[in-house]
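Written below as structure tokens is the structure these notes are about.
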Amino acid sequence: PVFLSAWIYTGAFGVLGFFGLCGVLYLADRKHTRAIFCALSVISIIAIITAWFTGFTFHLNTSAPLPDDRILYTFPYQPGPPDSINTTDLVAVRERDGQALWRYTLNDVSPLGGGLPRIASDDQRVYLLRSVMSPDTVKAYTITALSASSRRQIWRVTADLGGRITATGDGRIMLGDQKTTVFLDASTGRETLRFPFGNATLISGSVIYSCSQDSISAYDTRNGDLLWQSRGAPGCDLVATSDMLIVEGNGVLAALRTADGSLAWRVSEDVESSAPMITGDVVLVSTQAVQYKRIKGALIARRVSDGVLLWQDTMGDYSVLYGAADNITLATNDTAILALRASDGARLWSFAQSDGNPAVIALDDRVVFLRHENTSQIMALNLHTGAMYWQASV
């Protein structure tokens, strides 16, 4: 729709400007008539130039059906090799209309300086986890909390571990690496709990799942008590419903009951597959292409309750499973982002890609956000129809 509207817009004002120019040169025999035709030409030229610099999208923008306080955090595109980039901005974009609310400058973001921070956020704050580098290794980590509404720094603390940072939604932050898991108070940064297990995934507020070698363990986050342990887990990619924990590893998908860790079902996809994603009673994975066997990548949907295959769709050589929500799953088939109905695999809409751009960066309440890495353009689309709400440059 953007490119079609650009041609229509340019053509309409081009004809209008040409008509005005002809009027000035051949039809205007009176002073006030010449002025009218001249003004027509100038307005047409200004309109075309303005549209060009706004990407021909200013007239397409409309508000997405989201609350004003929903914020998307992103980094703008930086040309050049990574080791030449020393400064960048964290940009807070309002999801409803694409307006950039604030920018927070980050210095020393080259690989030698620790690179870009890992980010987590909740309704009040955004949290930045950064590594403090020495010439040879990581010396320590810092966590900085910024106000979501104003970028004001609320607190900053030093931590002895990095890894994954997660805002739990209950006033805490979870920080963890392969050996240790820590909980911090989100309002102060003070450490409240520390557990001697790693590779942790928080599914609900009171239960945390830790992956170690071939086992999955469930712990109570309030005191660290072991609830259950299940041996023979295929991997460490986890996703869950209220009563089922789905585990993926080495092309094997297994379901454990969250009540006691007992095995509900187990299947093999025969080739490497992605981390699983769930929407409703459907669990989805994408499989990798195997070139020497001439096997294409695929998107596979199974029923969460019993692992029964619901449908399978060939996606190409470089398939990526982007996300799943509200009975819609988003994936790529090498040339386009596809939206498929999770329950039966019906293709609903597509958005053309070139060299992996744009890519899905977020899903929020029936709105999908795309980003074009080479231009820092962000787009908001209706998850069910693919219709564009807005496009903005950060």
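The values are calculated or read from the model by the stated rules, or taken from the named source; none is laboratory data. Quantities reported herein were computed from a predicted structural model and do not represent experimental measurements. Positions of Cβ are generated from backbone atoms using ideal geometry, with glycine treated the same way; all protein chains shown enter the neighbour counts. Note: areas computed on protein heavy atoms with side chains; ligands, DNA, RNA excluded. Shrake-Rupley method; radii C 1.70, N 1.55, O 1.52, S 1.80 Å.
Every listed requirement among (1) under 25 Å from ASP122 (Cβ atoms); (2) part of a strand (DSSP E or B); (3) touching an Asp or Glu at 6+ places or on another chain (Cβ under 8 Å) is met by TRP265 save one, (1). Scan segment 367-380 residue by residue and report those that are out of contact with any Gly (no Cβ under 7 Å at 6 or more places or on another chain), over 12 Å from TYR322 (Cβ atoms) and modelled with pLDDT of 90 or more. Hits for segment 367-380 are VAL367, MET379. Residues that are open to solvent by less than 60 Å² (accessible area, probe 1.4 Å), closer than 21 Å to GLU272 by Cβ and part of a loop (DSSP other than H, G, I, E, B) within segment 291-324 comprise GLY307, ASP317, SER319, listed in sequence order. The number of residues in segment 268-289 that are assigned to a strand (DSSP E or B) and open to solvent by 30 Å² or more (accessible area, probe 1.4 Å) comes to 3.
Restricting to segment 342-371, name every residue that is in a loop (DSSP other than H, G, I, E, B) and more than 16 Å from THR332 (Cα to Cα).
SER343, ASP344, ASP365, ARG366
It is to be established whether one or more residues within segment 189-208 are over 29 Å from ILE154 (Cα atoms), in a strand (DSSP E or B) and under 28 Å from the mean Cα position of the chain (by Cα). The answer is no; no qualifying residue exists. Please count how many residues of segment 327-341 are in a strand (DSSP E or B) and hydroxyl-bearing (Ser, Thr, Tyr). Matching residues across segment 327-341 total 2. Would you call ARG302 within 30 Å of THR258 (Cα to Cα) and under 16 Å from the mean Cα position of the chain (by Cα)? Here the answer is no, as ARG302 does not meet what is asked. Among the residues making up segment 325-366, a single one is touching a residue at least 60 places away in the same chain (Cβ under 8 Å), open to solvent by 10 Å² or more (accessible area, probe 1.4 Å) and more than 25 Å from ALA392 (Cβ to Cβ): SER343. Can you tell me which of (1) in a loop (DSSP other than H, G, I, E, B); (2) open to solvent by 30 Å² or more (accessible area, probe 1.4 Å); (3) touching a Lys or Arg at 6+ places or on another chain (Cβ under 8 Å) is the one ASN374 doesn't meet? Here ASN374 meets the rest and fails (3). Selection within segment 218-261: residues that are more than 19 Å from ILE278 (Cα to Cα) and surrounded by 19 or more Cβ atoms within 10 Å (Cβ to Cβ). The member of this set that is modelled with the lowest pLDDT is THR221.
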